[in-house]
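Notes for the one structure printed next.
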Amino acid sequence: FSKPVSIGDLVDKLDELTSPVPPEPFRVLIVDDSTSLANYHSAVLEQAGMDVKVVNNPMEVLGPLREFSPDLILMDIYMPECSGLEIASVIRQLDSFVSIPIVYLSAEKDLDKQLSAMSLGGDDFLTKPIKAEHLVSSVASRIQRSRLLHSFMVRDSLTGLLNHTAIKDQLEREMARAKRLKVPLTYAMIDIDHFKQVNDSYGHPAGDRVIKSLSRLLKQRLRETDVVGRYGGEEFAVIMSETDGPAGIKVMDELRDAFSRLKHLADGKEFSVTFSCGIAEVVHFGDAINLGDSADKALYEAKHAGRNRVVL
Ligand code: GH3
Ligand code: MG
Ligand code: MG
Ligand code: MG
């Protein structure tokens, strides 16, 4: 190695390389009034391992857009009910879909018309008829780039955990899911104790290593279905689906104990660090409850009761 590499970075890299989670197949939504063409393009993309949904009536695009959550939309332009350009500009006005790639697939050969289509929220223009390999490679490369961009948008750069915005989005989604399925949900907020002192005594880079070691512990010990994020500087959030408060306490208290036992090293000096945790649960869905506020309150109590503890 030309540059010094920390054990932590190597562990992270190894985690990535040995991750048992296979990549999700690319999801493509085809909007085309021609059933036969749509089915042909769908077959081509499915042959390449992608998940495809077809919508023949553009007015019915919103449902599949929400439920299927495609990586990319392949959009016809001339359709009797409504033009693809109009649909694209509507989709672009929805917050959740501002960045979804929209690729026009049309017989339109006029360059000016193609350009004006792009200005209405399209990302690319492919002309029909199109060779199967060309369609597959155009769609795949767009999706790869957009997934990569998306992963940078939602990840915190120091720890690789979800960032503040992403964890809040995820909490809303998990709340909706828990309500729909009537299953409990637990939300935990973690705040490292006296972190200012850690920085003051051992330096900011040592503080950063403590943050990374906690994030690694959270990633290793929590379930695949738990959602972990870095909420702020030395604050973390965990969403545990299908878990009630008491079960959540057990999980978080084990983590608290494990973290407090870690030995950190700076300038040859050994030290340990603790965290406090506030937990909120939803079990009765009639109650209007703000999980963020409740967890915050519990965290405040944990701090005031002396830190290094978990409070529900
Ligand atoms: P408490 O037990 O009450 O939480 O005390 P505290 O010192 O942890 O609380 P406070 O919120 O006052 O201080 C948090 C400190 O965390 C302040 C800031 O300098 C430090 N911090 C925030 N983000 C980072 C970071 O990314 N890296 C490092 N090294 N320090 C950070
Ligand atoms: Mg058409
Ligand atoms: Mg704090
Ligand atoms: Mg703190």
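The values are calculated or read from the model by the stated rules, or taken from the named source; none is laboratory data. Remember, it's a predicted structure, so these values are computed and weren't measured experimentally. Virtual Cβ from ideal backbone geometry, glycine too; neighbours counted across all protein chains shown.
Some values worked out for this structure:
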quantity	calculated
Lone unmet requirement of (1) away from ligand 3 (no atom under 16 Å from the Cβ); (2) touching a Gly at 6+ places or on another chain (Cβ under 8 Å) for Leu262	(2)
Some residue of region 212-221 being hydrophobic (A, V, I, L, M, F, W, C) and either closer than 21 Å to Arg173 by Cβ or in a strand (DSSP E or B) (or both)	yes
Boolean, Ala280 is closer than 24 Å to Glu172 by Cβ, under 22 Å from the mean Cα position of the chain (by Cα), of a type outside the set (D, E, K, R) and surrounded by 15 or more Cβ atoms within 10 Å (Cβ to Cβ)	yes
Residue selected from region 231-256 under the condition closer than 28 Å to Arg155 by Cβ and among the charged types (D, E, K, R), by the criterion farthest from ligand 3 (Cβ to nearest atom)	Glu242
Unmet requirement for Phe259, which otherwise passes all of (1) modelled with pLDDT of 95 or more; (2) out of contact with any Asp or Glu (no Cβ under 6 Å at 6 or more places or on another chain); (3) more than 16 Å from ligand 1 (Cβ to nearest atom); (4) not small (Gly, Ala, Ser)	(3)
Residue match in region 255-264 (condition: out of contact with any Cys (no Cβ under 6 Å at 6 or more places or on another chain), over 18 Å from Tyr187 (Cα atoms) and part of a strand (DSSP E or B))	yes
Close pairs (8 angstrom Cβ cut-off, 6 or more residues apart or separate chains): modelled with pLDDT under 95 in region 230-242, away from ligand 4 (no atom under 13 Å from the Cβ) and part of a loop (DSSP other than H, G, I, E, B) anywhere	Ser241/Val183; Ser241/Thr225; Ser241/Asp226; Glu242/Val183; Glu242/Pro184; Glu242/Thr225
Check on Gly268, surrounded by 20 or more Cβ atoms within 10 Å (Cβ to Cβ) and away from ligand 1 (no atom under 15 Å from the Cβ)	no
Qualifying residues in region 225-250 (those that are charged (D, E, K, R) and more than 16 Å from ligand 4 (Cβ to nearest atom)) - the one nearest to the chain's Cα centre (by Cα)	Asp226
Residue, farthest from ligand 1 (Cβ to nearest atom), within region 179-214, restricted to residues that are closer than 19 Å to Tyr300 by Cα and among the hydroxyl-bearing types (Ser, Thr, Tyr)	Thr186
Filter result (under 25 Å from the mean Cα position of the chain (by Cα), surrounded by fewer than 14 Cβ atoms within 10 Å (Cβ to Cβ) and in a helix (DSSP H, G or I)) within region 47-92	Gly63, Arg66, Glu67
